[in-house]
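The values are calculated or read from the model by the stated rules, or taken from the named source; none is laboratory data. Keep in mind it's a predicted model, so treat the numbers as computed, not measured. Heads up, the Cβs are rebuilt from the backbone with ideal geometry, glycines too, and the neighbour counts pull from every protein chain shown. Quick note on the areas: whole protein, heavy atoms, side chains included, nothing else; ligands and nucleic acids left out. Shrake-Rupley method; radii C 1.70, N 1.55, O 1.52, S 1.80 Å.
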Amino acid sequence: MVPLSTFCIFLSIFFPSLSLALPINLPQRTDSITSFELPIQRQRAVRSGTTLKRGIYSGNTGLGDFLDLFYTVSITIGQTVTAVNIDTGSSDLWVVSDACKTSICKSTDMPAYPSASIKPAGGSVKLLYGDSSTGTHASGPVALDTGVIAGLSMAQQPFAAISDTNNTSVMQGANGIFGLGFPSGSQVQSAVINAKFNTPPTTDDFVRGTASDGPLLSRLAMSGSLEQPMFAVMLQRDIIDVSGKNGALTIGKLPDGIDNSSLTWVPVRLYKPEDGGLIPPTFAPNETYPLRWEVPIDGVILDGQRLPTSKFSGSGSTISALLDTGNSLIRGPQDVVDSILRKVSSAFAADSNAEPTFPCSLPHDLAFQIGGKTFPVDPRDFMSQKASGDSSTCVANNIVGTDPPESGALFSWSFGDPFFKSNLVAFYYGNLTHPSVDPPRIGFLSMVPDNANSIVQDDIAQAQANGGNFESTSQAAPTSVASPVVLSPTSISTPTITTTTTTTTSSLPLLRL
């Protein structure tokens, strides 16, 4: 789920002397991007102050799912155990407090954070989500409390205690959003830094402050205590065919049984200030920082045929995609999306206002070329049942058009939950203060079986035997009962950099400290 305000909007909030264009969000052009071979190994030692300690910790937790629309994870903030939507498309953690009285807040059955427990961190935020046609908001004071996710605990964690929202993440077993994006997109962090340092004139305090005041996963990544500064997401499927696999958020390493050599790794797009990105700090003036979990894509393929490039892909030679678990759909350039719908649906081809229906028995293969390899969307994740009791007519409503690229939001595509149900995606932060030392990247592993189309035929037969209805279920996010591992922020030292490292090598090992 992408904030409507720029991911570096904090620069205009607490650096008023700077002039930045404010992007609009949501979900990208084509260069062939060579994949990297990135061996992930346990970090030998991690420097914290003047001592060395082992980076040995990791965590894993299952996910809740409401009809493949909302994926949730259990989180503890202070004494409140609740569930929040996992969102790689935004950077801020927020939960509804008991001060929120909107109809949306009243619709959740999850515990609200007690406003009497709020320890102010300074300032408040108004977070905007969606694209130009689906915008929502969430606002409230910024507070501090201990945050625990997947058994990993971080004290003095900034978050927003929301007192007003119309965001639909506050329903169906959830009580807020867990943003897993980069610090440069965090308005919560900017509010804390602004209060601490009285509107600093540079980004120095913001970049250094990530370890102590940044998003929860960014702080965990910078703590030096994780096996690797990364996390991975795999979503379960609970409609059309309940897949049997368990969705999970894995922090600090790849999931058990997944070998790094099987993933295709590609670099995360870096944003220059003129593109709406973070202005570099004075202690690292030549650095360029990531803004979103966004990667180049080589092309779009439907039923084995490569589709033409969109005329709405913006300037430049790179088409990119945002990886966004907070988006329940796949969003792309309107002209390419219309082309896909015309090819799969004769009804849509005849009338662009008609629903893009097609026979369920004729599944379609949508795929994206990334890092020189093809990553398909399972046909079960491309289709939806048009009407209850009808297992013969499906509709392609999991792919829609969205806003064209603009400053601060250069991507043309947003890969939402249908993509994550079909692919394991690993997110590697690298070095958050000096990205050139250890660049961020994303790894992909297709989980679509070779016989996916045959499985669809089996699903249709089962639906026919079930009154014409496909399988569907929902599940709550599991609650952890184990005692959390308490991690502490690492003091940040500034490495000496004499040359700028690029991401054009064929072998780029993870940084070992």
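A few remarks follow.
- Qualifying residue in the stretch 297-318 (condition: of a type in the set (Phe, Trp, Tyr) and within 16 Å of Gly430 (Cα to Cα)): no
- Screening Thr102 on (1) open to solvent by 20 Å² or more (accessible area, probe 1.4 Å); (2) touching a Pro at 6+ places or on another chain (Cβ under 8 Å) shows it passes everything except condition (2).
- Boolean, Asn246 is under 20 Å from the mean Cα position of the chain (by Cα) and modelled with pLDDT under 95: yes
- The helices (runs of 4 or more DSSP H) found entirely in the stretch 181-234 that carry 1 or more residues being farther than 15 Å from Val142 by Cα and among the acidic types (Asp, Glu) are 204-208.
- Single condition Val295 does not satisfy, out of (1) β-branched (Val, Ile, Thr); (2) modelled with pLDDT under 95; (3) within 17 Å of the chain's Cα centre (by Cα): (2)
- The set of residues from the stretch 162-192 being open to solvent by 10 Å² or more (accessible area, probe 1.4 Å) and in contact with a His (Cβ under 8 Å, 6 or more places away or on another chain) comprises Asp164, Asn166.
- The one condition from (1) under 20 Å from Leu69 (Cβ atoms); (2) open to solvent by less than 10 Å² (accessible area, probe 1.4 Å); (3) modelled with pLDDT of 95 or more that Glu355 does not meet is (2).
- Scanning the stretch 384-417 for residues that are open to solvent by less than 10 Å² (accessible area, probe 1.4 Å) and either closer than 17 Å to Ile301 by Cβ or under 20 Å from the mean Cα position of the chain (by Cα) (or both) gives Ala396, Ile399, Gly408, Ala409, Phe411, Ser412, Trp413, Ser414, Phe415, Gly416, Asp417.
- Residue match in the stretch 433-455 (condition: farther than 25 Å from Ile251 by Cβ and open to solvent by less than 10 Å² (accessible area, probe 1.4 Å)): yes
- Every residue from the stretch 86-117 that is closer than 15 Å to Gly64 by Cβ, at pLDDT below 95 and touching a strand residue (DSSP E or B) at 6+ places or on another chain (Cβ under 8 Å): Thr108, Met110, Pro111
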